[in-house]
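Only one structure is covered here, and it is reproduced in the block below.
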Amino acid sequence: QFNNIARFHVKGVESALRYQFSEQLRSGLNLTRIEGYSEYQSQAGFAPRGFVPDGGTAFSDNNALNLLPSGRFDAVQIPEYTLSGFLDYRFDSGFGVELSAWWTSEWYVNLSETVKIPNEFNIDTTVYYRADKWSAALQVLNLTDELNFVNGLSAPTNTFLQPMRGRSVQVQFAYQF
């Protein structure tokens, strides 16, 4: 708008805490807080007004019919708070178990803030064996089968959501040469 370049401003704080209780037991915790906004951001895109069930709002017009002005908008598609952590116990034999989890605060999908994703969380667990030259692991991802979402595209003006994986099992083998 008026020959201004769209800019994304972000401020944040990230903290990480790691603690090893003993040779076998270790843990970690991460906390992130992000605040951001866009300047001179145009509301062009598939559904710039968001999903408005009024029977009259134009969708998929790339802002040609809506003619929404550019401006300053709070960051969307980014949760303000993210918390993650893990707890890992490894037996002397090389077998071990790990429990990891993450949580995010609510976030908006679009600039008009009409679609909001609530708080989300995920818990994973791993049973593993680690030797000098090789390792194997069995992971159960999204243990509680939560329905979580990510934005399907990277532009802040789109409204496409993609569900994250549901409960799944993954096996990993590694060999070091």
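The values are calculated or read from the model by the stated rules, or taken from the named source; none is laboratory data. Because the structure is a prediction, the values reported are computed rather than measured. Every residue, glycine among them, receives a Cβ derived from its backbone with ideal geometry; neighbour counts consider all protein chains shown. Heavy atoms of the whole protein, side chains included, go into the accessibility calculation; ligands, DNA and RNA do not. Shrake-Rupley method; radii C 1.70, N 1.55, O 1.52, S 1.80 Å.
Determine whether region 106-121 contains at least one residue that is in a strand (DSSP E or B), open to solvent by 40 Å² or more (accessible area, probe 1.4 Å) and farther than 23 Å from Ser27 by Cβ. Explain how you work it out, then say what you get.
Just the residues of region 106-121 that are in a strand (DSSP E or B), to begin with: 107-108, 116-117, 120-121.
From what is left, the residues that are open to solvent by 40 Å² or more (accessible area, probe 1.4 Å) are 108, 116, 121.
Add one more test, that the residue is farther than 23 Å from Ser27 by Cβ, and what stays is 108, 116.
Yes - at least one qualifying residue is present in region 106-121.
Scan (1) outside any strand (DSSP E or B); (2) farther than 30 Å from Lys11 by Cα; (3) not basic (Lys, Arg) for the single condition Ala137 breaks and write down its number.
Just one mismatch for Ala137, condition (1).
Might you check whether a residue that is more than 22 Å from Thr32 (Cα to Cα), modelled with pLDDT of 95 or more, outside any strand (DSSP E or B) and out of contact with any strand residue (DSSP E or B) (no Cβ under 6 Å at 6 or more places or on another chain) occurs anywhere in region 55-68? Step through it out loud before you land on a result.
Narrowing region 55-68 to residues more than 22 Å from Thr32 (Cα to Cα): 55-68.
Applying the additional criterion that residues be modelled with pLDDT of 95 or more yields none.
Among the residues of region 55-68, not one is more than 22 Å from Thr32 (Cα to Cα), modelled with pLDDT of 95 or more, outside any strand (DSSP E or B) and out of contact with any strand residue (DSSP E or B) (no Cβ under 6 Å at 6 or more places or on another chain), which makes the answer no.
Just the residues that are over 24 Å from Gly166 (Cα atoms) and of a type in the set (S, T, N, Q), please, taken from region 75-109.
The answer is Ser93, and nothing else.
So which pairs qualify, if the first residue must be in region 142-154 and of a type in the set (A, V, I, L, M, F, W, C), the second must be at pLDDT 95 or above and open to solvent by 30 Å² or more (accessible area, probe 1.4 Å), the Cβ gap must be under 7 Å, and the two must be at least 6 apart or on different chains?
Leu143/Ile123; Leu143/Thr125; Leu143/Arg167
Can you tell me which residue within region 71-105, out of those that are modelled with pLDDT under 95 and part of a strand (DSSP E or B), is nearest to Glu35 (Cα to Cα)?
Step by step, filter region 71-105, then rank; the result is Asp74.
Filter region 1-34 down to residues that are within 23 Å of Phe95 (Cα to Cα), open to solvent by 100 Å² or more (accessible area, probe 1.4 Å) and outside any strand (DSSP E or B) and give me whichever is modelled with the lowest pLDDT.
Top of the filtered list is Glu23.
Do we have Tyr37 as at pLDDT below 95, touching a His at 6+ places or on another chain (Cβ under 9 Å), farther than 30 Å from Val140 by Cβ and open to solvent by 40 Å² or more (accessible area, probe 1.4 Å) here?
Answer is yes for this residue.
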